[in-house]
Amino acid sequence: MLVNTHSAAVMGLEAVHVTIEVNIARGTMLHMSGLADAAVRESIDRIKAALGNNGFKFPVADITVNMAPADIKKEGSAYDLPLAIGILAANTKVSTEMLNDYMMVGELGLDGRLLPVRGALPIAIMARAQKYKGLIVPSQNVREAAVVNNLQVYGMDSLLDVIKFFNDGPIFEPTVVDTRKEFYEQQTHFDFDFEDVRGQESVKRALEVAAAGGHNLIMIGPPGSGKSMMAKRLPSILPPLSLSESLETTQIHSVAGKLSRETSLISQRPFRSPHHTVSQVALVGGGNNPQPGEISLAHNGVLFLDELPEFSRSVLEVLRQPLEDRTITIARAKYNVMYPCSFMFVASMNPCPCGYYGDPTHHCVCTPGQIQRYMNKISGPLLDRIDIHCEIQAVPFAQLSQLQPGEPSAVIRERVIKARKIQEERFKDQKGIHCNAMMTEKMVHQYAEPDAASLDMLRMAMERLKLSARAYSRILKVARTIADLDGSEKVQSNHIAEAIGYRNLDRGDWSERG
């Protein structure tokens, strides 16, 4: 008897329909075709144990399994459930009446439990696009899949539940998630708030400017000055995710298997902070079975690299192209996938190996050569992609104990949202441009051209401070954002002056200060 069941393969962020054909005839052999990897072939052993522990016998017959299309490699354990149902249906133990209406994914435990799989959300999107009536997933994946409307999504705990579903009719209720309600309820709840940060007003201002324009930022300061503390609070002042951004972000985390059981949609911008021992593959993605890397998991959010010079130079250099293109294409002999990676890049570092160069309260023991070698660990091309350089000093205890709580994140966020709305209106006719940091050189001259007085100030600053040529357009982009925060249509001299102050690492004499 020939039976078809339906599943899916995840390729990058997209799912591809897979038809599992099971044919049982007289004999004793098992044949499997369709580019199944070792994990898929091992599923037969799991299925045998699961059937035996639930009162079913694995058929003694000639079983032929084909997974079509045969030119796409089938990887992982998500095919256990459709394979088991297909074998039972071909052996007349499961009704075939509804098999063509539902798609299934799920890993089987030896006791018949359904275990979670990766990529339930893109599979649900594909199932709806293919006009399937419903999707059956492990209960741990049901909330992420149920955000897709116009599709019945059933979360099952065991193989027996799925057998009952097909044999006894719709005795289970599909899971329904009020996507919009949950999404908007969770957008304003943050674990970290700028109200906890006392002092450091200039740094908070730089972070506000970075958030308002989507600019990359680096903080340079001694240990204990609050660099990591403030970076963790950056998502609380970024504009809220739109529903489309949330769905895209959730899809990436679903493919990577990073969603918790309670999560349906990611409602807050992600914040990723990998350790400095991270590998190139872990950062950008890839591997034997391609998975999104940290830069894609930070999509629509923040990628924070603490102690930047401690990262391997080869790891840092792979960031250059993603920072520019906001996508990463991973090409290998066996696959070619593209992941989105539009993120704010935020980094922190000490000013020298000992950490106290320029600190008025500690003596620096580093020589100018050591400081220069330390700074040279960050290449010029990477530094070129960072718009704002912010120096930070530790707040003395005497001031720290007297200062009042800082400005709440909600207040700063309102100003950031207002500035972003100005930019959305400005770039509404520019495809793929959403904020000032994305402006091309042509747009910089169109929207951020300074007046004569501001141009003179910029020329003077570049000559006196020995600013590099690459600082020019960066200053104008940041000045445009500062003007948006002020509600100014034109870029004025005070905006240029503030933007110049955010290019300290471009100064030719930076490492020569006393």
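The values are calculated or read from the model by the stated rules, or taken from the named source; none is laboratory data. In this text the structure is predicted, and so the values were computed from the model without any measurement. Methodologically, a virtual Cβ is constructed for each residue, glycine included, from the backbone with ideal geometry; neighbour enumeration extends over all protein chains shown. Ligands, DNA and RNA are stripped out before the accessible areas are found, and what is left, the full protein with its side chains, is counted by its heavy atoms. Shrake-Rupley method; radii C 1.70, N 1.55, O 1.52, S 1.80 Å.
Are there any pairs with C-beta distances below 7 angstrom linking a residue in the stretch 81-101 that is farther than 14 Å from Thr19 by Cα to a residue that is among the hydroxyl-bearing types (Ser, Thr, Tyr) and part of a loop (DSSP other than H, G, I, E, B), with the two at least 6 apart or on different chains, and if so which?
Within 7 Å, the pairs are Ala89/Thr96.
If you go through the stretch 361-395, how many residues are open to solvent by less than 60 Å² (accessible area, probe 1.4 Å) and either assigned to a helix (DSSP H, G or I) or at pLDDT below 85 (or both)? Please lay out each step first, then the result.
Taking the stretch 361-395 first, the residues open to solvent by less than 60 Å² (accessible area, probe 1.4 Å) are 364, 366, 369, 371, 374-375, 378-392, 394-395.
If we keep only those that are either assigned to a helix (DSSP H, G or I) or at pLDDT below 85 (or both) too, we end up with 369, 371, 374-375, 380-384, 394-395.
So the answer is 11.
Does any residue of the stretch 468-476 turn out to be under 16 Å from Ile218 (Cα atoms) and modelled with pLDDT of 85 or more?
Yes, there is a match, as at least one residue in the stretch 468-476 is under 16 Å from Ile218 (Cα atoms) and modelled with pLDDT of 85 or more.
Going through the stretch 141-172 one residue at a time, which ones are open to solvent by 50 Å² or more (accessible area, probe 1.4 Å) and touching a residue at least 12 places away in the same chain (Cβ under 8 Å)? Working first, answer last.
Just the residues of the stretch 141-172 that are open to solvent by 50 Å² or more (accessible area, probe 1.4 Å), to begin with: 143, 149-150, 152, 157, 160, 164, 167-168, 170-172.
Of everything in the stretch 141-172, those that are open to solvent by 50 Å² or more (accessible area, probe 1.4 Å) and touching a residue at least 12 places away in the same chain (Cβ under 8 Å) turn out to be Arg143, Asn149, Asn150, Gln152, Asp157, Leu160, Asn167, Phe172.
I need the full set of residues from the stretch 192-223 which are part of a strand (DSSP E or B) and either among the acidic types (Asp, Glu) or touching a Leu at 6+ places or on another chain (Cβ under 8 Å) (or both), in order please.
If we filter the stretch 192-223 for residues that are part of a strand (DSSP E or B), which is where we start, we get 217-220.
Listed by number, the residues that qualify are Leu217, Ile218, Ile220.
Filter the stretch 451-480 down to the residues that are among the hydroxyl-bearing types (Ser, Thr, Tyr) and touching an Asp or Glu at 6+ places or on another chain (Cβ under 9 Å), then identify the one that is nearest to Arg420 (Cα to Cα).
The initial filter retains those residues of the stretch 451-480 that are among the hydroxyl-bearing types (Ser, Thr, Tyr), namely 454, 468, 472-473.
Narrowing the set further to residues that are touching an Asp or Glu at 6+ places or on another chain (Cβ under 9 Å) leaves 468, 473.
Numbers: Ser468: 29, Ser473: 20 Å.
By that ranking, first place goes to Ser473.
What number of residues in the stretch 287-326 are assigned to a helix (DSSP H, G or I), of a type in the set (Val, Ile, Thr) and either open to solvent by 10 Å² or more (accessible area, probe 1.4 Å) or more than 12 Å from Cys341 (Cβ to Cβ) (or both)? Spell out how you get there, then give the answer.
Applying the first criterion (assigned to a helix (DSSP H, G or I)) to the stretch 287-326 yields 294-297, 308-310, 313-317, 320-325.
Add one more test, that the residue is of a type in the set (Val, Ile, Thr), and what stays is 295, 315.
Restricting the remaining residues to those that are either open to solvent by 10 Å² or more (accessible area, probe 1.4 Å) or more than 12 Å from Cys341 (Cβ to Cβ) (or both) gives 315.
Within the stretch 287-326, residues that are assigned to a helix (DSSP H, G or I), of a type in the set (Val, Ile, Thr) and either open to solvent by 10 Å² or more (accessible area, probe 1.4 Å) or more than 12 Å from Cys341 (Cβ to Cβ) (or both) number 1.
One line per residue, one yes/no per condition, for (1) free of Cβ contacts under 8 Å to residues at least 40 places away in the same chain; (2) surrounded by 19 or more Cβ atoms within 10 Å (Cβ to Cβ); (3) charged (D, E, K, R); (4) more than 24 Å from Ser158 (Cβ to Cβ):
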residue: Val10; (1), (2), (3), (4): no, yes, no, no
residue: Asn23; (1), (2), (3), (4): no, no, no, yes
residue: Arg26; (1), (2), (3), (4): yes, no, yes, yes
residue: Arg41; (1), (2), (3), (4): yes, no, yes, no
residue: Ala49; (1), (2), (3), (4): no, no, no, no
residue: Asn54; (1), (2), (3), (4): no, no, no, no
residue: Val65; (1), (2), (3), (4): no, yes, no, no
residue: Tyr79; (1), (2), (3), (4): no, yes, no, no
residue: Gly106; (1), (2), (3), (4): no, yes, no, no
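If a residue counts only when it is within 36 Å of the chain's Cα centre (by Cα) and β-branched (Val, Ile, Thr), which helices (runs of 4 or more DSSP H) contained entirely in the stretch 1-115 have at least 2 such residues?
Because the criterion is at least 2 residues that are within 36 Å of the chain's Cα centre (by Cα) and β-branched (Val, Ile, Thr), the helices (runs of 4 or more DSSP H) in the stretch 1-115 that meet it are 43-52.
For Leu241, only one of the following conditions fails: (1) part of a loop (DSSP other than H, G, I, E, B); (2) surrounded by fewer than 22 Cβ atoms within 10 Å (Cβ to Cβ). What is its number?
With (1) part of a loop (DSSP other than H, G, I, E, B); (2) surrounded by fewer than 22 Cβ atoms within 10 Å (Cβ to Cβ) applied to Leu241, the lone miss is (2).
Restricting to the stretch 116-132, name every residue that is open to solvent by 40 Å² or more (accessible area, probe 1.4 Å) and part of a loop (DSSP other than H, G, I, E, B). Show your work before the answer.
First, the residues of the stretch 116-132 that are open to solvent by 40 Å² or more (accessible area, probe 1.4 Å): 116, 118, 125, 128-131.
Across the stretch 116-132, the qualifying residues are Pro116, Arg118, Gln130, Lys131.
Can you name the residue in the stretch 327-344 that is modelled with pLDDT of 90 or more and among the hydroxyl-bearing types (Ser, Thr, Tyr) and, of all such residues, is surrounded by the most Cβ atoms within 10 Å (Cβ to Cβ)?
The extreme case among them is Tyr339.
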